[in-house]
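Visitor: Okay, here's the structure, questions in a sec.
The values are calculated or read from the model by the stated rules, or taken from the named source; none is laboratory data. Computed from a predicted model, the values in this text were never measured in an experiment. Heads up, the Cβs are rebuilt from the backbone with ideal geometry, glycines too, and the neighbour counts pull from every protein chain shown.
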Amino acid sequence: MDRTKVAKLIRLLSSPNDGEVIAAARALSRIGIHEIAEHVEQPETDKPGGRAAFAALELVRLNLEVERLESQLAQFTNRRCFVCDRPFVAGRADAVTCSARCRTRLYRQRAAEP
Ligand SMILES: [Zn+2]
C-alpha cells in the first residue's frame with residue numbers, strides 16, 4: 001500500500017469538486033478500502049511483528065536475562081563456608097570455603113581421612 005498515494009486520495013475526499021471526490025473514493029476502493037480502514041483502527045506498530053510488538057518481546061527477553069543474572073549472582077553471594085559455616089562471597093563458581101585458611105583445613109581433613 002502506497003501510503004503517500006492513499007493520504008493524497010483521503011485528502012481529495014474533501015474536494016469541492018464532486019467528480020474528484022467520487023474518483024478518490026473509487027481509487028481508495030480499488031486500493032483496498034478495508035485494508036485502509038484496518039490500518040486506521042490498528043496502526044502498524046500494534047500489529048504482531050510491528051515495532052511495538054518487537055519492543056515488548058525484547059523487554060520480556062531482557063527481564064528474563066536480568067532474572068538469570070540475578071540468580072547467578074545469588075549463587076556467588078549467598079554461600080556458607082563448608083568448614084566454618086560463615087557466609088561469604090564466592091570468587092569463583094566452585095568455591096566452597098571462605099578463605100585460604102578454611103581451604104587448607106578442608107584439604108588436611110580430606111587427606112587425613114582413610
Ligand atoms: Zn570458612
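Visitor: Among the residues that make up the range 38-50, is at least one of them out of contact with any Pro (no Cβ under 9 Å at 6 or more places or on another chain), of a type in the set (S, T, N, Q) and within 30 Å of D2 (Cα to Cα)? Break it down into steps so the answer makes sense when it comes.
Guide: Step one: filter the range 38-50 for residues out of contact with any Pro (no Cβ under 9 Å at 6 or more places or on another chain), giving 38-49.
In the following step, the residues that additionally are of a type in the set (S, T, N, Q) were identified as 42, 45.
When the remaining residues are screened for being within 30 Å of D2 (Cα to Cα), the result is 42, 45.
Within the range 38-50 (the criterion being out of contact with any Pro (no Cβ under 9 Å at 6 or more places or on another chain), of a type in the set (S, T, N, Q) and within 30 Å of D2 (Cα to Cα)), the answer is yes, since at least one residue qualifies.
Visitor: Quick one: is E20 surrounded by 12 or more Cβ atoms within 10 Å (Cβ to Cβ), charged (D, E, K, R), over 30 Å from the mean Cα position of the chain (by Cα) and away from the ligand (no atom under 16 Å from the Cβ)? Please lay out each step first, then the result.
Guide: Numbers: surrounded by 12 or more Cβ atoms within 10 Å (Cβ to Cβ): yes; charged (D, E, K, R): yes; over 30 Å from the mean Cα position of the chain (by Cα): yes; away from the ligand (no atom under 16 Å from the Cβ): yes.
Yes: the conditions hold for E20.
Visitor: Here is a further query. Select from the range 47-95 the residues that are in contact with a Lys or Arg (Cβ under 8 Å, 6 or more places away or on another chain) and either in a loop (DSSP other than H, G, I, E, B) or away from the ligand (no atom under 16 Å from the Cβ) (or both) and list them in ascending order. Talk me through it step by step, then tell me what you get.
Guide: Going residue by residue through the range 47-95, those that are in contact with a Lys or Arg (Cβ under 8 Å, 6 or more places away or on another chain) are 53, 80, 83, 86-90, 95.
If the condition is that a residue be in contact with a Lys or Arg (Cβ under 8 Å, 6 or more places away or on another chain) and either in a loop (DSSP other than H, G, I, E, B) or away from the ligand (no atom under 16 Å from the Cβ) (or both), then A53, V83, R86, V89, A90, A95 are the ones that fit.
Visitor: While we're on this one: Six or more apart or on different chains, Cβ atoms under 7 Å: show the pairs whose first residue is in the range 85-105 and over 18 Å from Q72 (Cβ atoms) and whose second is of a type in the set (S, T, Y).
Guide: From the range 85-105, the pairs are R103/T97.
Visitor: Can you pull out every residue in the range 32-83 that is at positive phi and at pLDDT 80 or above? So that I can check it myself, show each step before the final result.
Guide: Pass one, the range 32-83, residues at positive phi: 32, 49.
The one that is at positive phi and at pLDDT 80 or above: G32.
Visitor: Determine which single condition C98 fails, assuming it passes every other condition in (1) loosely packed, with under 11 Cβ neighbours inside 10 Å; (2) at pLDDT 85 or above.
Guide: Every condition holds for C98 apart from (1).
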